[in-house]
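Student: One structure, as C-alpha cells, below. Some questions next.
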Amino acid sequence: MKKTLVTFLILFYSLVINAQENILLTELNKIDAGDNQVFHIIKNPISNLEENDLIQNLKKKLKSELNTIYSCMDSYANSKELKLNENETSELKRRIEHISSEFYKSKKYALVKTSGGIAPIYGVGMDTILNKKVAIVYLGGDCSMTEIDIRWDEITSIFNEKMKSLLSK
C-alpha cells in the first residue's frame, strides 16, 4: 500500500511540475539562438481566433491573417501610414489581447520588450514571474523615439499587460 501511495504522489508531483512548465521555452531549446528564436515567438501563428466583419475586412486590407504578435503589432505601429481608422486600430488592440490569451492558454508565456539606448538588447531571455518561467523577447531599439515607436510600445504594452494579468491567476 505504501509503494502505491508513494508512486501516486511521485506521479502527481511530476504532473504538477510539468503543468507549470512553459512550452515555449521547450520549443526554443530546439532553435538556434538569435533571430530564429525571436521570429519563432513573434511570428508564431495562432489558429481559431475569433472572427468578425471588421477583422475580415482588416485581413483583406492588410493582406495578413492577423494571427501573430508581429502582424498585429506591425500593423498597429504603422496604422497612420496604412490609413487605418479608429475602429480598425481598436480592433487590432482587441486582437493582440486575444493572441496574448491564446499564448497563455497554450502555456507559451511570453512578454515583448524594446530596449532603447546605445546598447539595445535583441534576442530572447527568460525571467520568472509569479513562479512561472516566461520568455522575454527583446526587440532592440535606439535612442530616438518616433511616432511609430510610440505606437509599437503602446500595442506591446497591451499584449504584456494581458499576459501579466493572466499569469497572476
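The values are calculated or read from the model by the stated rules, or taken from the named source; none is laboratory data. Just so we're clear, the structure is a prediction, and the values are computed from it rather than from any experiment. Here the Cβ is made from the backbone with ideal geometry for all residues, glycine too, and neighbour counts use every protein chain on show. Keep in mind that these areas ignore ligands, DNA and RNA; they rest on the heavy atoms of the full protein, side chains included. Shrake-Rupley method; radii C 1.70, N 1.55, O 1.52, S 1.80 Å.
Student: Run the accessible area of the chain with a 1.4 Å probe and give the carbon-and-sulfur part as a rounded percent.
Tutor: Numbers: 5630 of 10230 Å².
Percent of accessible area from carbon and sulfur atoms in the chain: 55.
Student: Please state the shape class of the range 44-123: rounded when a/c is under 1.5, otherwise prolate if a/b exceeds b/c and oblate if not, all from the C-alpha gyration tensor. Show your work: numbers first, answer last.
Tutor: Details: a/c = 2.40, a/b = 1.24, b/c = 1.94.
Oblate, because a/c is 1.5 or more while a/b does not exceed b/c.
Student: Right, something else. Using a simple spin-label model with points 7 Å from Cα along the Cα→Cβ vector, what separation in nm is obtained for residue 39 and residue 87?
Tutor: Label-label distance for residue 39 and residue 87, simple model: 3.6 nm.
Student: When a/c is below 1.5 the answer is rounded, else prolate if a/b is larger than b/c, else oblate, so apply that to the range 79-145 with a ≥ b ≥ c taken from the square roots of the Cα gyration tensor eigenvalues.
Tutor: Values: a/c = 3.50, a/b = 1.15, b/c = 3.05.
Oblate is the answer for the range 79-145, as a/c is 1.5 or above yet b/c matches or exceeds a/b.
Student: Give the lysines reachable from residue 63 as a straight Cα distance under 24 Å; neighbours fewer than 8 places away on the same chain don't count.
Tutor: Excluding near neighbours in sequence, the set is 43, 80, 83, 93.
Student: Could you point to the residue in 122, 90, 106 farthest towards the positive end of the chain's charge dipole, with +1 and -1 charges on the Cβ of Lys/Arg and Asp/Glu respectively?
Tutor: 106
Student: Please identify the helices of the chain, taking whole runs of DSSP H, that span at least 24 Å along their own axis as judged from the Cα atoms and have a mean Kyte-Doolittle score of 1.0 or higher.
Tutor: Numbers: long enough: 2-19 (25 Å, 1.40); 86-105 (29 Å, -1.49); 147-167 (30 Å, -0.30).
The answer, listed by residue number, is 2-19.
Student: Just to be sure I understand: of the beta bridges DSSP finds with both ends in the chain, what percent are antiparallel, rounded to 5? Provide the component values of the computation, followed by the final result.
Tutor: On the way: 8 of 12 bridges.
Here the share of antiparallel DSSP bridges comes out near 65 percent.
Student: Which shape class applies to the range 35-89: rounded if a/c is under 1.5, otherwise prolate when a/b exceeds b/c and oblate if not, where a ≥ b ≥ c are the square roots of the Cα gyration tensor eigenvalues? Provide the component values of the computation, followed by the final result.
Tutor: Details: a/c = 2.72, a/b = 1.40, b/c = 1.95.
Oblate, because a/c is 1.5 or more while a/b does not exceed b/c.
Student: Per residue, what accessible area does the chain have, given a 1.4 Å probe and all protein chains present, in Å²? The partial results should precede the final answer.
Tutor: Numbers: 10230 Å² over 169 residues.
I get 61 Å² per residue for the chain.
Student: Calculate the dipole size of the range 67-169 relative to its Cα centre from +1 charges on Lys and Arg beta carbons and -1 charges on Asp and Glu beta carbons; express the result in debye to the nearest 20.
Tutor: Details: 15 positive and 14 negative charges, 140 e Å.
I would put it at about 680 debye.
Student: With each label point set 7 Å from Cα along the Cα-Cβ vector, what nm distance links residue 129 and residue 168?
Tutor: 1.1
Student: Can you give me the long-range amide H partners of residue 132? Hydrogens built in the peptide plane at 1.01 Å from N, cutoff under 5 Å, separation of 5 or more residues or another chain.
Tutor: none
Student: Counting only C-alpha contacts under 8 Å and six or more residues apart, can you give the relative contact order of the range 40-159 as a whole percent?
Tutor: Values: 153 pairs, mean separation 30.0, N = 120.
Reported relative contact order: 25 percent.
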